[in-house]
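A short worksheet on the structure shown next.
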Amino acid sequence: VLFSLIFTCLSGCLIPILIKGKFRIAYNRKSKNSLAGWIFIVITVLLGVFGSGAFNKFIELNYSFFVFLKYVLLFFNMSLAISLFAFLIIPEVLSSISEKSKGLITVLTIGLFFFIGFEVDTLLKDTELAFTMGLLGFLFGMAYYFLKNFWIVFFALYGTILINTLSENKYDDFPFWILIVSCAISITILLSLIHI
């Protein structure tokens, strides 16, 4: 309940969207080099899903639809929370830095955010995972820097995290009811405040 409602819904979804509205941060901005962004998206997803062997493990596990749906709901909220901070709040906070250095600093900060986030999430017990996610965060940060499209990068991240977590087979017993409630709240927040 604390993870799904407080962490992902309130601190992960509501707070960054309210910050987005207060500072008028756009989900999508005009891109000067969308091709480079798409290249980074493809490379990052291929590395994250196939390079790790996660896709093959996911196929081998042969999930039932019900269990698969649990993972879909669980990691929608988590991916959304990560993306709102990584691809909206962090770039905005760093926007006052000079244009020449802003891109590199922003991308490095996004990578560091992923590393610290997953290091804390595993209670400092899986630094290898945190390092891997930090690298993927850096690559997704590069994709966002060039593409300037929050939704594309979010869904790419969501798919990558979802497949990798399905391959680990750790959350089969997660309570289904809390996933439905938390996703309903997050989607309601997202849709009701999407234009702010």
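PHE114 falls short on exactly one of the conditions (1) crowded, with 23+ Cβ neighbours inside 10 Å; (2) over 30 Å from PHE176 (Cα atoms), and that condition is (2). Within the stretch 148-164, restricting attention to residues that are in a helix (DSSP H, G or I) and of a type in the set (S, T, N, Q), the residue that is nearest to ASN62 (Cα to Cα) is ASN164. Among the conditions (1) open to solvent by 40 Å² or more (accessible area, probe 1.4 Å); (2) within 16 Å of PHE154 (Cα to Cα); (3) hydroxyl-bearing (Ser, Thr, Tyr), SER52 misses just one, which is (2). Does ILE19 meet the test of being surrounded by 13 or more Cβ atoms within 10 Å (Cβ to Cβ), touching a residue at least 40 places away in the same chain (Cβ under 8 Å), in a helix (DSSP H, G or I) and over 16 Å from the mean Cα position of the chain (by Cα)? Spelling it out, ILE19 is indeed surrounded by 13 or more Cβ atoms within 10 Å (Cβ to Cβ), touching a residue at least 40 places away in the same chain (Cβ under 8 Å), in a helix (DSSP H, G or I) and over 16 Å from the mean Cα position of the chain (by Cα). Any residue at all in the stretch 139-147 that is assigned to a helix (DSSP H, G or I), open to solvent by 60 Å² or more (accessible area, probe 1.4 Å) and modelled with pLDDT under 95? Yes, because at least one residue in the stretch 139-147 is assigned to a helix (DSSP H, G or I), open to solvent by 60 Å² or more (accessible area, probe 1.4 Å) and modelled with pLDDT under 95.
Consider ILE116 carefully, then state whether it is assigned to a helix (DSSP H, G or I), more than 23 Å from TYR71 (Cβ to Cβ) and either of a type in the set (D, E, K, R) or out of contact with any Gly (no Cβ under 6 Å at 6 or more places or on another chain) (or both). Yes.
The values are calculated or read from the model by the stated rules, or taken from the named source; none is laboratory data. The model shown is predicted, which means the values in this text are computed figures rather than measured ones. Ideal geometry is used to build each Cβ from the backbone, glycine not excepted, and the neighbour counts take in all protein chains shown. Remember, those area values only see protein heavy atoms, side chains included, never the ligands or the DNA or RNA. Shrake-Rupley method; radii C 1.70, N 1.55, O 1.52, S 1.80 Å.
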